[in-house]
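Heads up: the structure comes next, in structure tokens.
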Amino acid sequence: MKRIFLFFTGLSFCIFSQTQIFFQITKNLVEKADLFLIFKVEKNDFSDRMVETLSKDLKFSGYFNVEGVKFTDNIEKEMKGMVTQIIIIGEQKGEILNIKVEDGLEKNLLFENSYKLLKDPRELAHLICDDIVERLTGKRGIARSKILFTSDKTEKKQIYMIDYDGYNLKQLTNVDYLVNFPRYFEGNKILFVSYENGWPKISKMDVSSGKIETFIAYPGLNACVSPCKKTREIALVLSASGDPEIYLFDFDGKIKKRLTYNKKIDSSPSFSPDGKSIAFVSDRDGKPQIYIMDRDGYGVRRISYISGYCTSPVFSPDGNFIAYIYSEGSVFALAIYDVNTKKTKTFSGLNCEEISWAPDSRHIVYSKIEKKQSLIIIDIFTGETRTLISGNFNCFSPNWFSFE
């Protein structure tokens with residue numbers, strides 16, 4: 001017996017049937033479901049761009065193979081004899097677009113929702129895709145997510161923001177001093193390392209207004225900021241005591257506790273999403289390796305044993321994985337440590353550095369080391385990659401996020 005779940009979103013009504021499709025696209029996260037899109041809409045530039053974007057969004061999600069798209073005046077006729085696992089049907093009535101997702105094999109309704117037409121067809125497509133992905137997989141969609149990064153596109157390093165699919169590139173800073181390592185903070189605010197006045201401090205910027213202010217500025221090094229929304233705390237590296245050590249701050253920028261006490265270097269902290277653990281890098285055993293400690297600084301344990309050089313750990317948003325960079329000969333590769341099984345999966349030959357997880361805990365963006373550094377996205381379950389941005393300029397220090 002199938003279970004039917006009902007969801008109410010505003011004035012819209014959503015239906016989700018737990019069928020074989022749900023199990024197929026979530027059981028091993030490698031196998032994809034085939035789908036076809038059928039749309040009965042007013043054919044114009046808006047609908048063309050919306051459907052094209054939706055098709056790409058569904059493909060980029062990693063869960064689906066898009067077999068084709070059809071515009072029609074007769075939906076029932078097009079569906080007759082169609083053999084595919086999922087059929088997405090869009091029908092426009094005035095300023096409303098009704099979306100249905102059907103199981104093409106069992107002929108069950110998986111999802112239904114109505115959307116008001118927006119000014120931006122890409123924004124509408126992103127919204128629809130994220131709703132479909134979340135209802136069918138239980139995982140958060142990434143179509144409306146964005147990526148912060150640093151680039152020398154204007155010959156001096158500035159912070160930029162771009163949509164997850166490579167559209168809407170926007171320069172956020174235009175300053176005469178060095179800036180780097182942007183991180184999403186909360187609301188419309190981001191944090192980054194600023195070398196204003198010649199030394200590294202943490203600055204806070206309101207993306208909406210462009211206002212920049214100093215947030216944390218202790219003598220020496222201020223770097224490697226990692227916010228945790230759950231506990232409203234920040235892990236940060238300071239060198240005020242002499243050696244780089246990891247400290248715990250609150251969201252107001254005040255120190256709560258020093259977490260590490262070691263004559264070696266402790267750096268690159270990354271909070272787990274539940275705020276209970278922090279992954280970090282330390283050379284306390286002679287070479288840089290990845291460790292985890294409790295949020296109070298106790299319970300330190302090493303997790304990396306695959307290379308003599310491991311760095312840049314980042315917890316996945318669901319807390320199930322820690323990604324990090326390791327050296328393999330003369331190049332750098334990607335490792336994924338499973339927190340639950342304690343097993344490590346590796347991706348060789350990427351020549352990568354500076355990584356960040358997508359909100360879906362499935363994709364990672366990294367800076368590829370080459371003549372001009374580009375940003376590449378990889379699906380950790382299928383190994384598929386796509387280029388986010390590249391050109392005659394360098395892109396590095398990415399941070400993938402969704403506005404709250």
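Per the listing T173, T150, the residue uniquely in the same structural domain as F396 (by TED's automatic domain parsing), part of a strand (DSSP E or B), on the phi < 0 side of the Ramachandran plot and among the polar types (S, T, N, Q) is T150. Across region 269-297, the qualifying residues are those that are small (G, A, S) and in a strand (DSSP E or B), and the one among them that is surrounded by the fewest Cβ atoms within 10 Å (Cβ to Cβ) is S277. Of the residues making up region 233-255, just one is surrounded by 15 or more Cβ atoms within 10 Å (Cβ to Cβ), of a type in the set (S, T, Y) and in a loop (DSSP other than H, G, I, E, B), namely S239.
The one condition from (1) outside any loop (DSSP other than H, G, I, E, B); (2) at positive phi that T346 does not meet is (2).
Condition check ((1) exposed (fewer than 15 other Cβ atoms within 10 Å of the Cβ); (2) in the same structural domain as D360 (by TED's automatic domain parsing); (3) in a loop (DSSP other than H, G, I, E, B); (4) not basic (K, R)) across all residues:
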{"residue": "G68", "(1), (2), (3), (4)": "yes, no, no, yes"}
{"residue": "D73", "(1), (2), (3), (4)": "yes, no, yes, yes"}
{"residue": "G81", "(1), (2), (3), (4)": "yes, no, yes, yes"}
{"residue": "I88", "(1), (2), (3), (4)": "no, no, no, yes"}
{"residue": "I99", "(1), (2), (3), (4)": "no, no, no, yes"}
{"residue": "L110", "(1), (2), (3), (4)": "no, no, no, yes"}
{"residue": "K119", "(1), (2), (3), (4)": "yes, no, yes, no"}
{"residue": "L124", "(1), (2), (3), (4)": "no, no, no, yes"}
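Of all the residues in region 31-50, those that are part of a helix (DSSP H, G or I) and either surrounded by fewer than 21 Cβ atoms within 10 Å (Cβ to Cβ) or at pLDDT below 95 (or both) number 5. Scanning region 46-60 for residues that are farther than 23 Å from N74 by Cβ and of a type in the set (D, E, K, R) turns up R49, K56, D57, K59.
Mind checking whether some residue in region 235-244 is among the charged types (D, E, K, R) and either in contact with a helix residue (DSSP H, G or I) (Cβ under 6 Å, 6 or more places away or on another chain) or modelled with pLDDT of 95 or more (or both)? Checking region 235-244: not a single residue is among the charged types (D, E, K, R) and either in contact with a helix residue (DSSP H, G or I) (Cβ under 6 Å, 6 or more places away or on another chain) or modelled with pLDDT of 95 or more (or both).
Condition check ((1) out of contact with any strand residue (DSSP E or B) (no Cβ under 9 Å at 6 or more places or on another chain); (2) modelled with pLDDT of 95 or more; (3) assigned to a loop (DSSP other than H, G, I, E, B)) across all residues:
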| residue | (1), (2), (3) |
| --- | --- |
| V193 | no, yes, no |
| N197 | yes, no, no |
| M205 | no, yes, no |
| S209 | yes, yes, yes |
| C224 | no, yes, no |
| K257 | no, yes, no |
| T260 | no, yes, yes |
| S267 | no, yes, no |
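The values are calculated or read from the model by the stated rules, or taken from the named source; none is laboratory data. Since the structure is predicted, the reported quantities are computational estimates derived from the model, not experimental observations. Glycine also receives a Cβ, built like all others from the backbone with ideal geometry; neighbour counts cover every protein chain displayed.
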